[in-house]
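This report refers to the structure that appears directly beneath it.
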Amino acid sequence: MTAPTSATDVNQPTLQPAAPTGRRLSWPVLLLVIAGALALTSIVRLITGADGITNVSQMSTALQLAVPIGLAGLGGLWAERAGVVNIGLEGMMIFGTWFGAWAGFQWGPWTGVVFGILGGCIGGILHAIATVTFRVNHIVSGVAINILALGITRYLAPLAFEGHAGGSAKQSPAIDSLGHFTVPGLSDGLRDLNNQGWFFISDIAGLLGGLVTNVSWLTLIAIALIPGTWWILWRTAFGLRLRSCGENPIAAESLGVNVYKYKYIAVIISGGLAGLGGAFLSVVANPFYLEGQVSGRGYIGLAAMIFGNWMPGGLALGAGLFGYTDSLNLRGGSTNVHALLLLGALLLIIGAIWLVIRKKYAPSMITAVVGALVYTWYATTNEVPNQVVSATPYVVTLVVLTLSAQRLRMPKADGLPYKKGQGT
């Protein structure tokens, strides 16, 4: 049987992803929800005086921290849409940081970016061989990749970096900057508007100002990969075949799709995207390799992908949320996190009211009690411990995943073993 030549050739009911359970938000409703959240944040800013939660610098830092998380999440999306669970994103990011720094300090930052992608692809190839060819449990293989990456980079770092100016057993020499851009006029205007402290308007100015102030060129590439991924996976014949491997590989094979090939391609691309996220950390964010600098971002990227319901747009929102909470560690952490306690309390109270409207009285009572406890914490303290500030991104990850769990639908064959020939 010959392979399909167009998207319509394989557009069979057995290959189409099932509709997600629950209602999907339309764009107008989604934008209204985002505007409501921003308005609520503005109210909290006015009450608490914590102007840092929506200023331009905070948003710019949040964007920078969201990029590696979003790239790791995109990597997970490519693999899981083809039916391969990629817990190894953390290790692939570690490969990306080391290879990116190793090449970057010798031959320039853009060369470092390319080598970072290749380093992640190495992890992707290993994961594909284990899970696709030898059908090793996906979780076991992913954990092994993470351990292997940590061990290899720890062994290679002293060999590669010691003896060079600024290098050590755990740190690479500094890497030249890729360069940043700021939109002239617009950036200053938005910053001035943000400094006015007006309700809602200044907060929108802070958000937009962070998108046009001191933005790395690699950030633009990362942002472009989000709609690019959507277009490839949902608007091309290649994307349809790849997604069919994650939904029903037996049906896909019966229609001539080379399931192994598409799984390999997806997992290697997954590794490359995670490696790019790692290279961003060591070339742009720091810029140098430092042992342990990934710090669980691969796992948070996987969580962002799940929060986004295996869709690029939702993944981007999740990465932005986690990047924002992570940025609190760097700018006014204790004051800003204390202000966010009030925001969390208000959101919980609103959630309790919504549950009452839906006649879910027991969950409503629990939510209201938790909201009251959070408000009590806010009202009886003036700041939060630094340990709480450091843990905030991870706590937010757990809370968001818990609240969004009921509407999620992964690809049907995600993580299931597949043997060539089952569809013939």
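Miscellaneous remarks
- Of all residues in the stretch 151-176, those satisfying the criterion of being assigned to a helix (DSSP H, G or I) and in contact with a helix residue (DSSP H, G or I) (Cβ under 6 Å, 6 or more places away or on another chain) are T153, A160.
- Scanning the stretch 377-389 for residues that are open to solvent by 70 Å² or more (accessible area, probe 1.4 Å) and of a type in the set (S, T, N, Q) yields T380, N382, N386, Q387.
- Answer residue from the stretch 386-414, given it is more than 19 Å from A316 (Cβ to Cβ) and hydroxyl-bearing (S, T, Y) and is nearest to the chain's Cα centre (by Cα) among those: Y394
- Filtered by the rule that a residue be surrounded by fewer than 20 Cβ atoms within 10 Å (Cβ to Cβ), of a type in the set (A, V, I, L, M) and touching a helix residue (DSSP H, G or I) at 6+ places or on another chain (Cβ under 9 Å), the stretch 216-232 gives I221, I223, L225, I226, I232.
- Selection of the stretch 375-389 for residues being in contact (Cβ under 8 Å) with a residue 24 or more places away in the chain, over 20 Å from I349 (Cα atoms) and part of a helix (DSSP H, G or I) yields N386, V388, V389.
- Sole residue being open to solvent by less than 20 Å² (accessible area, probe 1.4 Å) and modelled with pLDDT under 95, chosen from T21, T54, T48: T54
- Screening E383 with (1) modelled with pLDDT under 90; (2) over 26 Å from the mean Cα position of the chain (by Cα); (3) within 16 Å of L403 (Cβ to Cβ) gives one miss only, at (3).
- Conditions (1) in a helix (DSSP H, G or I); (2) open to solvent by less than 70 Å² (accessible area, probe 1.4 Å); (3) under 19 Å from G275 (Cα atoms); number of the one not met by A205: (3)
- Listed conditions (1) more than 25 Å from the chain's Cα centre (by Cα); (2) in a helix (DSSP H, G or I); (3) within 24 Å of H127 (Cβ to Cβ) are all met by D192, apart from (3).
Conditions tested, residue by residue: (1) part of a helix (DSSP H, G or I); (2) open to solvent by 10 Å² or more (accessible area, probe 1.4 Å); (3) without any contact (Cβ under 8 Å) to a residue 60 or more places away in the chain.
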{"site": "V257", "(1), (2), (3)": "no, no, no"}
{"site": "V267", "(1), (2), (3)": "yes, no, no"}
{"site": "A274", "(1), (2), (3)": "yes, no, no"}
{"site": "P287", "(1), (2), (3)": "no, yes, no"}
{"site": "I300", "(1), (2), (3)": "yes, yes, no"}
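- Test for K420: is it modelled with pLDDT of 85 or more and either surrounded by 12 or more Cβ atoms within 10 Å (Cβ to Cβ) or of a type in the set (S, T, Y) (or both): no
- The number of residues in the stretch 233-254 that are open to solvent by 50 Å² or more (accessible area, probe 1.4 Å) and among the aliphatic types (A, V, I, L, M) comes to 1.
- With respect to the conditions (1) open to solvent by 40 Å² or more (accessible area, probe 1.4 Å); (2) at pLDDT 85 or above; (3) more than 24 Å from L330 (Cα to Cα), Q406 falls short on a single one, namely (2).
- Residues located in the stretch 163-212, provided they are aliphatic (A, V, I, L, M), under 30 Å from T41 (Cα atoms) and in contact with a Leu (Cβ under 8 Å, 6 or more places away or on another chain): L190, I201, I204, A205, L207, L208, L211, V212
- Selected residue (only one of Y264, Y260 is of a type outside the set (D, E), modelled with pLDDT of 95 or more and more than 25 Å from the chain's Cα centre (by Cα)): Y260
- The single residue among V132, V136, V183 that is surrounded by 16 or more Cβ atoms within 10 Å (Cβ to Cβ) and outside any helix (DSSP H, G or I) turns out to be V136.
The values are calculated or read from the model by the stated rules, or taken from the named source; none is laboratory data. The structure presented is a predicted model; accordingly, all values stated were derived computationally and were not measured. In this analysis, Cβ positions are derived from the backbone assuming ideal geometry, glycine residues included, and neighbour counts consider all displayed protein chains. Surface accessibility is based on the protein's heavy atoms, side chains included, excluding ligands, DNA and RNA. Shrake-Rupley method; radii C 1.70, N 1.55, O 1.52, S 1.80 Å.
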